[in-house]
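Colleague: For reference, the structure I am asking about is given below.
FYI, it's all coordinate maths here, none of it is from the lab. The model shown is predicted, which means the values in this text are computed figures rather than measured ones. Virtual Cβ from ideal backbone geometry, glycine too; neighbours counted across all protein chains shown.
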Amino acid sequence: MTGTFELFDHTADMGIRVRAETRAGLIEPAAAGLYAAIGELKADQSQGKSFQFCARGGDDAILLRDFLTELLVLFERDHCILIGTDEVEFGAGQMSIAGKSATVDVEQSIFYREVKAITYHDLELREVDGGFEAKLIVDI
Amino acid sequence: MVDQYTGPLERIDDTRWRIPKSYRPDMRVDGIIYADDALVESIKKDKAPEQVANVACLPGIVRASLAMPDIHWGYGFCIGGVAATDPEQGGVVSPGGVGYDINCGVRLIRTNIALADAKLNMGRLMEELFRTVPLGVGQGGVVKFNKAELCKLMAEGSRYVIKRGFGWESDLEATEAGGLIEDADPSLVSDRALERGSDQCGTLGSGNHFMEVQVVEKIDDAQIANVMGLVQGNLTVMIHSGSRGLGYQVCEDALKELHDTPRKYGIELPDKQLVCAPVHSPEGKKYLGAMRAAANFAWCNRQIMTHLAREAFAKVFEQPAERLGMNLIYDVAHNIAKMEPYEVDGGTTKLCVHRKGATRAFPPNHPELPSRYKAIGQPVLVPGDMGRASYVLVGRPGAMEHTFGSSCHGAGRQMSRGAAIRASKGRNIRKELAERGVIARAKGRTGLEEEQPDAYKDVTHVVDVLHKAGISQKVAKLRPVGVIKG
């Protein structure tokens with residue numbers, strides 16, 4: 001993962017700020033940021049399953065939000081997390097991700113809090129010096 | 001850092017402040033915030049009053065955009081926001097006026113157990129509750145419902161889970177709407193929402209959700225307290241939770257589907273998070289049908305946890321819950337949109353009332369009240385924080401006249417989660433609570449730190465404003481003695 005993320009305060013909830021050199025480079029740190037908001041999640045890396053996500057629709061920030069929402073459902077419904085990406089295309093109003101997910105190791109993981117949703121509030125993805133930055137607020 | 005509010009706030013009286021509609025050309029009505037002089041200073045520290053002004057722009061809004069004294073910033077509507085729209089005048093329904101956690105709400109159960117008699121058992125009781133009630137991240141419920149069962153549950157409400165053994169028939173009368181909003185349409189709930197909710201009915205969640213054992217510390221109105229079964233010195237159990245992943249997904253689905261709907265109906269919005277549709281439109285009806293289904297899920301959720309609490313008490317005190325007098329006092333939603341009749345311009349009109357972090361507060365003789373509460377008014381349950389107090393109030397006629405039958409829902413956060421964690425460094429919050437007489441157990445690593453008492457405003461101050469304003473009347477103060485959190 002070459003990009004970075006940080007969590008920041010936001011009233012009653014939390015924000016995730018992600019930076020990377022490319023749009024595609026935002027994907028893994030954004031996922032890591034979401035998981036960091038939930039806790040310290042561990043998965044059995046040797047038990048990876050195929051993960052696919054595709055979406056299209058003009059706004060890059062919304063596509064990133066939709067991707068994180070998919071990860072949230074994957075976590076809640078299937079108790080799985082994304083453990084790596086093999087192919088990422090992100091730009092020109094579309095996103096396509098192929099990667100691997102794995103079941104969360106409940107014994108090895110530490111849980112902080114539930115994330116209810118990735119909101120639309122202050123949702124932003126913009127070009128900055130050195131690459132791209134995205135900002136998302138999660139509802140706790 | 002969140003910006004401060006710098007717009008106008010005109011003092012109406014000791015408990016109300018007005019944002020005049022002249023503040024912005026797009027406002028259709030005034031904004032009115034319930035607060036006293038002290039509270040209003042903290043209210044101005046975030047942009048929540050601007051959100052009150054934004055809601056005042058919604059088509060069909062009636063009388064005013066309102067906020068209760070526990071107001072703070074939210075998504076679209078502020079938390080503590082109340083707004084009623086008239087569907088016959090193009091009034092809209094907005095998912096932001098309900099929230100992600102559809103029918104997040106509170107219920108209160110009484111007991112015959114005096115704290116003085118229970119002290120030696122409190123540790124065991126809290127351990128049993130912590131062990132029995134599913135809570136925290138990823139924790140599934142004691143029963144998993146398949147798709148067909150979930151649809152029945154959403155169509156029938158609390159009665160469905162009571163028939164399956166999770167409660168008493170008498171619980172229904174003590175639940176808002178009998179635990180069932182009519183005209184729910186489970187077929188409108190997406191498969192994704194059903195998947196998220198299938199093993200979550202009967203689970204507490206985390207964040208600010210809790211199950212708390214309390215003692216009735218002070219009674220302000222003995223006659224009303226007696227009707228409710230509140231006895232000074234006796235234990236109560238309060239449950240705060242909502243519609244879990246199913247409800248969050250219903251909101252998520254609606255926000256996506258309604259994204260372009262305002263433009264379709266020529267509605268201009270000052271904030272995209274006020275996305276909405278006319279109540280009578282296909283989009284509005286779809287959201288309402290799904291929202292009602294999720295609301296019914298939430299009542300089932302709290303009903304199952306009530307059963308689990310009763311079982312825990314019965315095990316620890318070695319008597320059936322019936323013998324312990326564990327009757328439900330009331331259950332009320334604080335994130336919901338409901339069609340309710342109000343007097344408007346000399347006639348009765350059915351309005352779409354949004355309560356986003358606001359509790360229904362019907363006065364005596366309201367036709368929707370159960371017979372035992374007709375004379376006293378509807379119980380209003382207001383949780384504070386896990387260190388100080390929660391309150392039981394009753395609705396007053398002023399609520400029908402001024403706030404569309406609404407009161408506050410809690411204390412309101414005054415510290416972000418990050419700030420609360422930083423303020424906890426070097427401290428042992430669990431030990432501090434124990435020193436205050438509160439046995440606290442939390443599953444999440446940061447649960448107690450994020451939800452510590454200092455993170456919240458003083459709820460006494462909040463309820464005092466509405467008591468003074470004649471919206472809801474104080475009945476009893478409850479002090480926490482044990483709390484479990486996810």
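Colleague: Over the alpha-carbon set of region B:323-472, divide Rg by the Kirkwood Rh and report the Rg/Rh ratio to two decimals. Please list the in-between numbers first.
Modeller: On the way: Rg = 18.4 Å, Rh = 17.3 Å.
That ratio is 1.06, to two decimals.
Colleague: Longer than 27 Å from Cα to Cα, which of B:Lys47/B:Lys356; B:Lys144/B:Lys356; B:Lys431/B:Lys485; A:Lys42/B:Lys457 are they? Say none if no pair is. All intermediate terms of the calculation are to be shown ahead of the outcome.
Modeller: Values: B:Lys47/B:Lys356 16 Å; B:Lys144/B:Lys356 29 Å; B:Lys431/B:Lys485 16 Å; A:Lys42/B:Lys457 36 Å.
Flagged as over cut-off: B:Lys144/B:Lys356; A:Lys42/B:Lys457.
Colleague: For A:Val18, what is the net charge nearby, where nearby means another residue's Cβ is under 10 Å from its Cβ and Lys, Arg count +1, Asp, Glu -1? Before the final figure, lay out the partial values.
Modeller: Values: positive: A:Arg17, A:Arg19, A:Lys135; negative: A:Glu6, A:Glu28, A:Glu133.
Cβ neighbours under 10 Å give a net charge of 0.
Colleague: Related question: Using Cα pairs under 8 angstrom and six or more residues apart, how large is the relative contact order of chain B, in percent? Could you put the intermediate results ahead of the total?
Modeller: On the way: 1214 pairs, mean separation 102.7, N = 486.
This gives 21 percent for chain B.
Colleague: What number in nm² do you get for region A:28-140 if you take the convex hull of its Cα atoms and divide its surface by four?
Modeller: 7.2
Colleague: Quick one: Debye curve from the alpha-carbon atoms of region B:393-486 only, equal weights, vacuum; give me log10 I(q)/I(0) at q = 0.12, 0.16, 0.19, 0.21 Å⁻¹ to two decimals.
Modeller: -0.50, -0.76, -0.91, -1.00
Colleague: Oh, and also: For chain B, what are the DSSP H helices with axial Cα length of 27 Å or more and mean Kyte-Doolittle hydropathy of at least -0.5?
Modeller: Working: long enough: B:282-317 (53 Å, -0.16).
Helix filter hits for chain B: B:282-317.
Colleague: Of all the C-alpha pairs in region B:160-287, what % are more than 16 Å from each other? Before the final figure, lay out the partial values.
Modeller: Numbers: 6189 of 8128 pairs.
Percentage above 16 Å: 76.
Colleague: Relative contact order of region B:382-480: what whole-number percent is it, with Cα pairs under 8 angstrom and at least 6 residues apart? Intermediate results must be reported in sequence, preceding the final value.
Modeller: Details: 162 pairs, mean separation 50.4, N = 99.
Reported as a whole number, the value is 51 percent.
Colleague: Also: Calculate, in whole percent, how much of the Cα-Cα pair population of region B:95-206 lies beyond 24 Å.
Modeller: Details: 2265 of 6216 pairs.
Distances greater than 24 Å cover 36 percent of the Cα pairs.
Colleague: Could you compute the FRET efficiency for B:Glu217 and B:Gln89, with r as their C-beta to C-beta distance and R0 at 41 Å, rounded to 0.05?
Modeller: Numbers: r = 46 Å, r/R0 = 1.13.
Taking R0 as 41 Å, the efficiency between B:Glu217 and B:Gln89 is 0.35.
Colleague: Assuming R0 = 51 Å, what is the FRET efficiency of A:Ala92 and B:Glu435, from their Cβ-Cβ distance, to the nearest 0.05? Numbers along the way, then the final one.
Modeller: On the way: r = 60 Å, r/R0 = 1.17.
Efficiency, from the Cβ-Cβ distance: 0.30.
Colleague: Could you state the number of Å between the C-alpha centres of region A:79-132 and region B:81-116?
Modeller: 32
Colleague: Moving on. What is the distance in Å between the Cα centroid of region B:130-191 and that of region B:266-282?
Modeller: That distance is 30 Å.
Colleague: For B:Ser187 and B:Ala375, calculate 0.36 nm times their separation in residues minus their Cα-Cα distance, and state this gained length in nm to one decimal.
Modeller: On the way: separation 188, 0.36 × 188 = 67.68 nm, distance 3.88 nm.
63.8 nm is the gain from fully extending B:Ser187 to B:Ala375.
Colleague: Still on this structure: Restricted to Cα positions, what overall size does region B:288-364 have along the principal axes? Three whole-Å values, descending.
Modeller: That works out to 57, 31, 17 Å along the principal axes.
Colleague: Next question, about the same structure. How far apart, in nm, are the 7 Å Cα→Cβ label points at B:Gln4 and A:Glu6?
Modeller: Label-label distance for B:Gln4 and A:Glu6, simple model: 2.5 nm.
Colleague: Just grab the label-to-label distance for B:Asn428 and B:Arg164, each label 7 Å out from Cα along the Cβ direction, in nm (one decimal).
Modeller: 4.2
Colleague: Sticking with this one: In whole Å, what are the Cα extents of region B:330-404 along the three principal axes, biggest one first?
Modeller: That works out to 46, 27, 18 Å along the principal axes.
Colleague: Can you tell me the Rg and the Dmax, both Å, for the Cα atoms in region B:75-151?
Modeller: Spelled out, the Cα radius of gyration and Dmax of region B:75-151 are 20.3, 60 Å.
Colleague: I need B:Met27, B:Met400 ordered by Cβ neighbour count within 10 Å, fewest first.
Modeller: Working: B:Met27 22, B:Met400 19.
The most exposed by this proxy come first: B:Met400, B:Met27.
Colleague: Under a no-solvent Debye model with one identical scatterer per Cα of chain B, what's log10 I(q)/I(0) at q = 0.06, 0.09, 0.11, 0.13 Å⁻¹?
Modeller: Debye curve over Cα of chain B, log10 I(q)/I(0) at q = 0.06, 0.09, 0.11, 0.13 Å⁻¹: -0.24, -0.55, -0.85, -1.22.
Colleague: Another question about this same structure. Where the convex hull is taken over the Cα atoms of region B:174-245, what is its projected area averaged over directions, in nm²? Don't jump to the answer; show the numbers that get you there.
Modeller: Values: hull surface 27.7 nm².
In nm², the orientation-averaged hull projection of region B:174-245 is 6.9.
Colleague: I would also like to ask the following. What does the charge count near A:Ser101 come to, summing +1 for each Lys or Arg and -1 for each Asp or Glu among other residues with Cβ under 15 Å from its Cβ? Working shown, then result.
Modeller: On the way: positive: A:Lys42, A:Lys49, A:Arg77, A:Lys100; negative: A:Glu28, A:Asp44, A:Glu70, A:Glu76, A:Asp78, A:Asp86, A:Glu87, A:Asp105.
Net charge in that neighbourhood comes out at -4.
Colleague: Okay, next question. Write down the percent of antiparallel bridges among all DSSP beta bridges whose residues are both part of chain B, to the nearest 5.
Modeller: Numbers: 67 of 76 bridges.
Looking only at bridges with both residues in chain B, the antiparallel portion is about 90 percent.
Colleague: Sticking with this one: What's the percent breakdown of Cα-Cα distances in region B:203-350 across 5 Å bins, shortest bin first?
Modeller: 2, 7, 13, 14, 14, 13, 11, 9, 8, 6, 3, 1, 0
Colleague: Mind giving me the FRET efficiency for B:Glu149 and B:Asp345? R0 is 41 Å, r the Cβ-Cβ distance, nearest 0.05 is fine. Before the final figure, lay out the partial values.
Modeller: Working: r = 46 Å, r/R0 = 1.11.
That pair, B:Glu149 with B:Asp345, gives E of 0.35.
Colleague: Now for a different question. Cβ under 11 Å from A:Lys116's Cβ, A:Lys116 left aside: what net charge do those residues give with Lys, Arg +1 and Asp, Glu -1?
Modeller: On the way: positive: A:Arg113, B:Arg196, B:Arg244; negative: A:Asp13, A:Glu76, A:Glu114, A:Asp139, B:Asp101, B:Glu252.
Here the charged neighbours net out to -3.
Colleague: Determine the relative contact order of region A:1-93: mean sequence separation of Cα pairs under 8 Å and six or more apart, normalised by residue count, in whole percent. It would help to have the intermediate numbers written out before the result.
Modeller: Numbers: 93 pairs, mean separation 23.9, N = 93.
This gives 26 percent for region A:1-93.
Colleague: May I have the extent of the alpha carbons of region B:245-295 along their three principal axes, as whole Å values ordered from largest to smallest?
Modeller: 30, 21, 13
Colleague: Which aspartates and glutamates have a Cα lying under 14 Å from the Cα of A:Lys49, excluding residues fewer than 8 positions away in the same chain?
Modeller: A:Asp78, A:Asp86
Colleague: Dividing the alpha-carbon Rg of region A:1-56 by 2.2 N^0.38 Å yields what?
Modeller: On the way: Rg = 13.1 Å, N = 56, 2.2 N^0.38 = 10.2 Å.
Cα-based Rg divided by the globular estimate yields 1.29.
Colleague: In whole angstrom, how far apart do the alpha carbon centroids of region A:1-69 and region B:36-77 sit?
Modeller: Comparing the Cα centres of region A:1-69 and region B:36-77, I get a distance of 32 Å.
Colleague: Roughly how compact is the protein assembly as shown, stated as its Cα Rg over 2.2 N^0.38 Å to two decimals?
Modeller: Details: Rg = 23.3 Å, N = 626, 2.2 N^0.38 = 25.4 Å.
That works out to 0.92 for the protein assembly as shown.
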